[in-house]
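Every number in this text was worked out from the coordinates using simple rules, so none of it is lab data. This structure is a prediction, so every number in the text was calculated from the model and none was measured. Backbone-built Cβ (ideal geometry, glycine too); neighbour counts: all protein chains shown.
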Amino acid sequence: MDVSNILAEQAQRNNDKSTEIETESTLDVDAGSITVTDSNPIDSETYNQNLESHLLSIARIGTQALFNSLFSLPSVSSPDGPLAQLPSPTTHLPRAKPLPKPKPPTKWEMFAKAKGIQGKSKEKRTKRVWDEEKQEWVNKWGWKGKNKETEEQWITEVPMGADLDHDPRKIARDERKDRVAKNKKQQESNLARAQKALTSSDRESRKTELERTLSMSRTSTASMGKFDRKLEGEKKLKGVKRKFDPAEGDVAAEAKASLDLLAKMNSDARKTRITQAQRPNKKPHLGAPPPSLTGYISSQSQEQPKIPEKRKSLMCAKRFDSLAKDGAVFPWAGKVTGANQWAKDDKSIS
Amino acid sequence: MLRTVKPKNARSKRALDAREPKEIEDGRIAIFVKGTKTSELLNGVMKDLMALKKPFAISFSKKNDIHPLAAVNAVSSYSSTSKVAESSISSLEFWASKNDASLFLLSQTSKKRPDNLTFIRMFNGRVLDIVEFGAENWVGIDQIKGPKSSPGHPPLLHFASELFTTHPRYIQIKSMLMSFFTGSTAMTTEDGGNGGLSLKGLEGECVVSVSVAPTPPTLNNATDSSSSPTTLPKIHLRTYITSVSSTSGSSRSPRLELTPMGPSIDFVLRRYTNPDPELLKQAMRRPKVKKAEIESGLGKKRKNLEVDQMGDLRGRVHVGRQDLGKLQTRKMKGLKKGMFDEGDGDDDGDEDGDSEEENEGVKKKPKLTQD
């Protein structure tokens, strides 16, 4: 009796029952959009042999991989069985509509933000309030609204010495109508402001851009616009005016500015710009060699004792400018020098 | 922007608000349009695809004289601006705005292009891209006996071929078919949706499997993508229904079996247009990740961490700004603080400790000589 056939059949059946897939690594499962992409090339042999069974078999393998990943996702229980929590899709599809624009803030919202007022957000606000007399929740406004209480109660109090035609109901109603009208007016002005901001900001940026282009084109001739024909009523081009701090100023602020400058020079951004020729271990008063003679510098630096790292920055700062050489970077404490002005200039350059 | 149509009552206001752009979009609504002449096969294909797309499907019963690809020749470059194409596209955009739809399926048969099926995708009321197929070998839902999936569930999608990740035409087709078949993304919890995918509902679910005929060797060799459509292999769209059986193994997921459900269609690739890059860029914009989601660990940018070439994780640490006021310069006996104070009490500005200490190295030298 040959049992090998039966055994093979059994093994085949067991194999069929399994959820394992051999080619899982080439299957790209996107659980977020419930899609699987099988990037294996199509086997032309099985394709030509039996098309439908070939398609069914690859579809089964792919879908099984999708099932495996869907079932391994975290899930929450619900009345309709477990719900798989899908991740966000990895395949990005074009949207059908653009992203929603943020709502323009109302005047109150802008004011509340400026003042740091934190009220209840619109989502947290409820339309209903608790009525102590009725012992139930009632609407703040609208149908059976609480704001209509005085108008609708069957008896109202009249103050002493009131006019004959004094009608508390009418007064309450008029007040309510006024509030509604005021709110509507505010809403409209908010909408109008948002509309205006939308158009004017665009216009404003366009204007500055135009002015910039015009001024650039005016100075773009060989004579920098000196001999150009002027239009009638054309204004003179205004350059950037330099501003200086007063020569006598706050000493502490001056020292702080110098220190800030020093720290900036010691920073990485500065370091990258210092070339070999500008390294501090070069003697400037010997007559600075051109940067191409780096061999000279290296021979010089070998003879010199190595300067500690911390002093490097100080020396570097000292040589940063001719003004700095005069000790302007480090003003005598309490004395006023031109360093302030120098530091300011440097800021405007950088 | 102020709305041009002002709703007259609360119901129409709600309807208009529902059409406003949303961060998480609902499923795309598809309009099924017939061209001037359609065949029995095309009618069947449209009916079956509509059954799959329901409830996000609208059927136009009348014939329409529209040819959106009239300006496109076989190699998909606009030959000239054609009035026919312009008017067709404007009518498509009109229908899209009226019905709040963003997909069209147009059927049209002609001598030159028999059984033509055109997928049109819209963005913001404008045509984004168009893909055209020739439909063949259609077997309808009714012709296949067996259980059918319940409508309303977005089907599982399966794409098989390396071309769907390599070839631009097939990438576009995959994107188009995914737009057509996938529903809302509201099921994904991380995107802010609060639902989930019912695992029980996966039994008896529809699977749309899109496969391609074997890649011809010319496609593998040629680096350019401008090969003529005749050489591009066919696409086989098959639909199956899932049935699950309990597993023998320890795995959580059940063993899956598929049975053909229908429809099954073969598609031959025909004309197409690529999306306008500017429009596509706008369409691919994604909402910012919310603060609460960042706190829960999603979309967090891993800063200052990188994997180097050896595969080691390397971090960068910020050590703060160096205070040069406390810089230790050359130590000299004469510069000791105590000595200095005793030595010249009448000197200028020793009190200014911060700047004084830092300036030592430079300014002390002349000072000592002065003394």
Under 5 Å between amide H atoms, partner at least 5 residues away or on a different chain: which partners does B:Asn124 have, H built in plane at 1.01 Å?
-> A:Lys97
Hey, what do the phi angles of region B:31-38 turn into as Karplus ³J(HN,Hα) couplings, whole Hz, using 6.51/-1.76/1.60 and θ = phi - 60°, x for Gly and Pro?
-> 10, 9, 10, 9, x, 5, 9, 10
For B:Glu205, distant residues with modelled amide H under 5 Å away = B:Thr242
Pairs from A:Lys185/B:Lys6; B:Lys112/B:Lys145; A:Lys122/B:Lys6; A:Lys122/A:Lys185 whose Cα-Cα separation, in the structure shown, is over 26 Å | B:Lys112/B:Lys145
Of the listed peptides B:196-203, B:281-288, what is their order by residue-averaged count of other C-beta atoms within 10 Å, with the highest listed first?
-> B:196-203, B:281-288
Taking placed amide H atoms and a strict 5 Å upper bound, the residues 5 or more places from B:Ala57 or on another chain that come that close are B:Ala30
If a/c stays under 1.5 just call it rounded; otherwise compare a/b with b/c (prolate if a/b is bigger, oblate if not). Do that for region B:38-130, with a ≥ b ≥ c from the square roots of the Cα gyration tensor eigenvalues.
-> oblate
With r defined as the distance between the Cβ atoms of B:Thr36 and A:Gln195 and R0 fixed at 60 Å, what FRET efficiency is calculated, to the nearest 0.05?
-> 0.85
Expected integer from the mean partner chain Cβ neighbour count at 10 Å over A:50-62 is 6
Given B:310-316, A:104-110, the highest-first ranking by average Cβ count within 10 Å works out to A:104-110, B:310-316
What does the highest-first list of B:163-176, A:182-195, A:234-247 look like by mean Cβ count within 10 Å?
-> B:163-176, A:182-195, A:234-247
Cβ neighbours within 10 Å from other chains - mean over A:28-34 = 6
A:Val129 paired with B:Arg14, simple spin-label distance in nm, labels 7 Å along Cα-to-beta-carbon | 2.7
Can you give the mean number of other chain Cβ atoms that lie within 10 Å of the Cβ atoms in peptide B:176-182?
-> 4
Residue-wise, which Karplus ³J(HN,Hα) couplings in Hz belong to region A:90-107, taking 6.51 cos²θ - 1.76 cosθ + 1.60, θ = phi - 60°, and x for glycine or proline?
-> 8, 8, 8, 9, x, 6, 8, 9, x, 5, x, 7, x, 5, x, x, 7, 4
